[in-house]
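The values are calculated or read from the model by the stated rules, or taken from the named source; none is laboratory data. Just so it is clear, the model here is predicted, and its values are computed rather than measured. Cβ atoms come from the backbone with ideal geometry, glycine included; neighbour counts cover every protein chain shown. Calculation scope for accessible area: heavy atoms of the full protein, side chains included, ligands and nucleic acids excluded. Shrake-Rupley method; radii C 1.70, N 1.55, O 1.52, S 1.80 Å.
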Amino acid sequence: MRFFLDSANVAEIREAWEGGLIAGVTTNPSLVAGEGKDFHGLLKVIAGIVDGPISAEVLATTAESMIVEARVLARISPNIVVKLPVTAEGLKAARTLATENPQVATNVTLVFTPMQALLAARAGADYVSPFVGRLDDIGQDGLKLVDDICRIFALHDLSCRVIAASIRHPVHALKAALLGAHFATVPFAVLRQLLKHPLTDAGVERFLADWNKSGLPR
Ligand code: G3P
């Protein structure tokens, strides 16, 4: 499993990328709105930092207008992955793009059932994004969804990649990795939690203190 940063914040993206923590970025309209910056301009800045997939979501709601938007987004950078909702229109757009513009990768998002994921993969999506946390929020098992999708894709030899999304804490990421998700997209705070352990910090401090006490040169 590889990590994407689920963020539209340039400082976070730069830190995560330069720190070697992520393979790419996912954004969504809420995250972009939170930054209050011009969408396409922001994507250009992100593409200047990150040499990996950058998911950018369409705002259109009809297949025809999604395709137009997707083509505009894809022109911003070859790393742009167009995010489409798992609606009838979204899958129609995914199918058209897979057929007519196969160089434009798609990430079908807002996936809450295994069959939505299977339909998205069959429509030609390159990635699907099951939302773990939002299912947990309504008393369902978000990780079971990731498990089901990974097993179905493996059983039927589908090349569509699974991005465990709506990851809220390190255990979500751990379990997604154990279940075979290809990617997890995580907020910056969770990414930091994944790296941190108090015994690691204490260990670094103790090694240094012992060395310094010994009088050995550095
Ligand atoms: O980017 C999609 C997804 O990761 C959103 O997560 O926390 O808003 O449910 P969340």
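Below are the figures for this structure:
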item: Some residue of segment 31-44 being farther than 22 Å from P130 by Cβ, of a type in the set (A, V, I, L, M) and open to solvent by less than 40 Å² (accessible area, probe 1.4 Å); result: yes
item: Selected residue (only one of I13, I49, I22 is in contact with a Phe, Trp or Tyr (Cβ under 9 Å, 6 or more places away or on another chain) and surrounded by fewer than 17 Cβ atoms within 10 Å (Cβ to Cβ)); result: I49
item: Flag if A63 is buried (at least 19 other Cβ atoms within 10 Å of the Cβ), more than 24 Å from C160 (Cβ to Cβ) and aliphatic (A, V, I, L, M); result: no
item: Which numbered condition I152 misses (of (1) within 13 Å of the ligand (Cβ to nearest atom); (2) surrounded by 16 or more Cβ atoms within 10 Å (Cβ to Cβ); (3) in a helix (DSSP H, G or I); (4) without any contact (Cβ under 8 Å) to a residue 60 or more places away in the chain); result: (1)
item: Neighbours by Cβ (under 6 Å, 6+ apart or cross-chain): first from segment 54-78, over 26 Å from V186 (Cα atoms); second assigned to a helix (DSSP H, G or I) and open to solvent by less than 10 Å² (accessible area, probe 1.4 Å); result: A63/A93; I67/A93
item: Residue count for segment 113-145, restricted to those that are under 19 Å from H182 (Cβ atoms), surrounded by fewer than 17 Cβ atoms within 10 Å (Cβ to Cβ) and within 12 Å of the ligand (Cβ to nearest atom); result: 1
item: Filter result for A173 (modelled with pLDDT of 95 or more, in a helix (DSSP H, G or I) and within 16 Å of the ligand (Cβ to nearest atom)); result: yes
item: For V190: the one exception among (1) within 12 Å of the ligand (Cβ to nearest atom); (2) in contact with an Asp or Glu (Cβ under 8 Å, 6 or more places away or on another chain); (3) within 22 Å of V81 (Cβ to Cβ); result: (2)
item: Hits in segment 171-218 - residues which are in contact (Cβ under 8 Å) with a residue 40 or more places away in the chain and either farther than 30 Å from I152 by Cβ or surrounded by fewer than 10 Cβ atoms within 10 Å (Cβ to Cβ) (or both); result: F188, L195
item: Single match in L5, L73 (criterion: under 20 Å from S129 (Cα atoms), open to solvent by less than 60 Å² (accessible area, probe 1.4 Å) and in a helix (DSSP H, G or I)); result: L73
item: Check on E57, away from the ligand (no atom under 16 Å from the Cβ) and closer than 21 Å to G124 by Cα; result: no
item: For A184: the one exception among (1) over 17 Å from the mean Cα position of the chain (by Cα); (2) within 28 Å of R14 (Cβ to Cβ); (3) within 16 Å of the ligand (Cβ to nearest atom); result: (1)
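One line per residue, one yes/no per condition, for (1) of a type in the set (A, V, I, L, M); (2) closer than 28 Å to L179 by Cα; (3) under 17 Å from the mean Cα position of the chain (by Cα):
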residue	(1), (2), (3)
A16	yes, yes, yes
L21	yes, yes, yes
V25	yes, yes, yes
V58	yes, no, yes
G90	no, yes, no
